[in-house]
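This report concerns only the one structure given below.
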Amino acid sequence: MAEGERQPPPDSSEEAPPATQNFIIPKKEIHTVPDMGKWKRSQAYADYIGFILTLNEGVKGKKLTFEYKVSEAIEKLVALLNTLDRWIDETPPVDQPSRFGNKAYRTWYAKLDEEAENLVATVVPTHLAAAVPEVAVYLKESVGNSTRIDYGTGHEAAFAAFLCCLCKIGVLRVDDQIAIVFKVFNRYLEVMRKLQKTYRMEPAGSQGVWGLDDFQFLPFIWGSSQLIDHPYLEPRHFVDEKAVNENHKDYMFLECILFITEMKTGPFAEHSNQLWNISAVPSWSKVNQGLIRMYKAELKF
């Protein structure tokens, strides 16, 4: 697929699937490096990448404060995320010797594990109830690993897959595109940042200074699309503290940069070398295309 080429969105505008459709509990299929080829050739991969690129195009040049339609399904998803947020407040960190990986996270996760299907059932209409157990797995996979108490881009991808599934079964529609990113995914990011800070979660599969970010990837893709053709903000400005502070509420990319600077100390070029290099790219469209290429190369979950 040529860079910037967009696959058609999932068939979210079609009628809901018939009640006889079979749903299958997802299971791990990628165990070795050669298995990645099977994944890259699959319809699921094509659907997932098409979903990411469709949303990328949908938010192009738009601020987070842009006015967009908010459907009932979007509101229900935000309510679901608000519940996860409330559970964090109800599950404070415990005293323990180690600084990272607070074990209270496991208590929080156990509640989600128990309630995930009930939460998803609040979003999915009753005639699609058979889909709930399948879709709920992606929600549970999207918040981190309870054994390692870590979180990374694979968990983020699971949440995007969760949203993609909701599009595939018709819960989310074509005209929900902007709200999916600005309302739902942005709220998801807020909850994940709160999880990371509250329970001092480790980065999952971090590449250190050679990775884009310890925890996220998609908000950099969609956030750079938001900034395409901006009248004055250029890639070089995201390493400028003043520019970030003044504009982060409008752009996901800058919100990510702000979070990084809050969480890390020392020169930006040292703790976030990849992003520092990206700041030298001449345009946001080039940044966006490069990040999509990088994401396709690294996509594993």
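Give, as ranges by residue number, the residues of the range 235-256 whose backbone N falls under 17 Å from the point 7 Å along Cα→Cβ of residue 65.
Residues passing the 17 Å test: 243-255.
Net charge near residue 171: determine it from the other residues with C-beta under 11 Å of the C-beta of residue 171, scoring Lys and Arg +1 and Asp and Glu -1.
Summing Lys and Arg as +1 and Asp and Glu as -1 gives +1.
Let me know the shape class of the range 123-241, please: from the alpha-carbon gyration tensor, a ≥ b ≥ c as square roots of the eigenvalues, rounded when a/c is under 1.5, otherwise prolate if a/b is greater than b/c, or oblate.
Taking the square roots of the gyration eigenvalues as a ≥ b ≥ c, the range 123-241 is oblate.
Based on DSSP H runs of at least 4 residues, each adding -39500 (n - 2.57), what is the mean residue ellipticity at 222 nm of the chain after dividing by all its residues, to the nearest 500 deg cm²/dmol?
-15500 deg cm²/dmol
Computed from these coordinates, which is Cα extents along the principal axes in Å: [x] 125, 75, 36; [y] 55, 50, 43; [z] 50, 48, 35?
[y]
Using only alpha-carbon positions, what ratio does the radius of gyration of the range 69-203 give when scaled by 2.2 N^0.38 Å?
Scaled against compact globular proteins, the figure is 1.05.
If you filter the range 264-301 for trypsin sites (Lys or Arg not before Pro), then keep DSSP loop positions with at most 13 other Cβ within 10 Å, what is left?
Passing both the DSSP loop test and the Cβ count: 264, 300.
Tell me, what is the percent relative contact order of the range 216-298, built from C-alpha pairs under 8 Å that lie six or more residues apart?
42 percent.
Let me know the charge dipole size of the chain about its Cα centre in debye, to the nearest 20, where only the beta-carbon of Lys, Arg (+1) and Asp, Glu (-1) is charged.
Working: 34 positive and 40 negative charges, 99 e Å.
Using Cβ point charges on Lys, Arg, Asp and Glu, the chain gives about 480 debye.
Report the FRET efficiency, 1/(1 + (r/R0)^6), for residue 57 and residue 95, where r is their Cβ-Cβ distance and R0 is 41 Å, rounded to 0.05.
0.30
Please check: in the Gaussian network model of the chain (C-alpha springs, under 10 Å), which one of 118, 102, 186 has the largest mean-square fluctuation.
Evaluated over the chain, the most mobile residue of the options is 118.
I want to verify a result. In a Gaussian network model of the chain, Cα cutoff 10 Å, which of these has the top mean-square fluctuation: 177, 96, 274?
Largest GNM mean-square fluctuation: 96.
Work out which GluC sites (Glu not before Pro) in the chain are exposed loop sites (DSSP not H, G, I, E or B, at most 15 other Cβ within 10 Å) and give the longest gap free of them.
No qualifying site falls inside 68-301, the longest such stretch.
Using Cα-Cα distances under 8 Å and only pairs 6 or more residues apart, what relative contact order does the chain have, in percent?
RCO, the chain: 24 percent.
Please tell me the relative contact order of the range 69-203 in percent, rounded to the nearest whole number, where contacts are Cα pairs under 8 Å and at least six residues apart.
Working: 143 pairs, mean separation 50.4, N = 135.
Result for the range 69-203 is 37 percent.
Using +1 at the Cβ of each Lys and Arg and -1 at the Cβ of each Asp and Glu in the chain, identify which of 299, 52, 223 lies farthest towards the dipole's positive end.
Farthest towards the positive end: 299.
Picking from 104, 161, 44, which is most flexible by a Gaussian network model of the chain using Cα springs under 10 Å?
Ranking 104, 161, 44 by mean-square fluctuation puts 44 first.
Quick one: net charge of residue 82's neighbours, Cβ under 13 Å, K/R +1, D/E -1? Mind showing how you got there, number by number?
Numbers: positive: 76, 86, 183, 187, 194; negative: 75, 85, 89, 90, 190.
Here the charged neighbours net out to 0.
Greater than 19 Å separation of Cα atoms is the criterion. Which listed pairs, 103/264; 140/194; 63/194; 242/264; 63/183, meet it?
In this structure, 103/264; 63/194 exceed 19 Å between Cα atoms.
We did not get these values from a lab; they are worked out from the coordinates using the rules stated. It should be emphasised that the depicted structure is a prediction, and the values quoted were computed from it without experimental measurement. Because the Cβ atoms are built from the backbone with ideal geometry, glycine has one as well, and the counts that use them run over all protein chains shown.
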